[in-house]
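As structure tokens, the structure follows; a few thoughts come after it.
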Amino acid sequence: MKELTRFLRDALDALQMDHMGVELYSLRHGGASDDFLTKRRTLPEIKHRGRWRADSSVRRYTKIARALKELEKMLEMEEMA
């Protein structure tokens, strides 16, 4: 775990993204949101992959994903204006 954490920090540093506060735990949640947005996995598959027991835990990340999608749309509209 320590080696993986160091690898992630080194990668973020190399990409000049170390200020973003990304941790290994962030990847678990980001993966769930990405799976939902891209329709790569179904909700039961996301739940299994994230090892969440409750459906409510999975729904939290789908809400985040939807919010991010709406933000992306607004940014695209702003760029077009």
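The values are calculated or read from the model by the stated rules, or taken from the named source; none is laboratory data. Quick caveat: nothing in here was measured; it's all calculated off a predicted structure. Every residue, glycine among them, receives a Cβ derived from its backbone with ideal geometry; neighbour counts consider all protein chains shown. Side chains included, ligands, DNA and RNA excluded: accessible areas come from the protein's heavy atoms. Shrake-Rupley method; radii C 1.70, N 1.55, O 1.52, S 1.80 Å.
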Between 68, 15, 27, where does the largest GNM mean-square fluctuation fall for the chain, given springs only between Cα atoms within less than 10 Å? 15
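Return the tail of the calculated pair distribution for the chain, meaning the percent of Cα-Cα pairs more than 16 Å apart.
When all Cα pairs of the chain are counted, 61 percent exceed 16 Å.
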Nearest 500 deg cm²/dmol is fine: what mean residue ellipticity at 222 nm does the chain get from its DSSP H runs of n ≥ 4 alone, each adding -39,500 (n - 2.57), divided by its residue count? -25000 deg cm²/dmol
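Leaving ligands, DNA and RNA out of it, report the carbon-plus-sulfur percent of the accessible area of the chain at a 1.4 Å probe.
Using a 1.4 Å probe with all protein chains present, the chain comes out at 56 percent carbon and sulfur.
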Would you tally the net charge around residue 17, using a Cβ to Cβ cut-off of less than 13 Å, leaving residue 17 out, and scoring K and R as +1, D and E as -1? -3
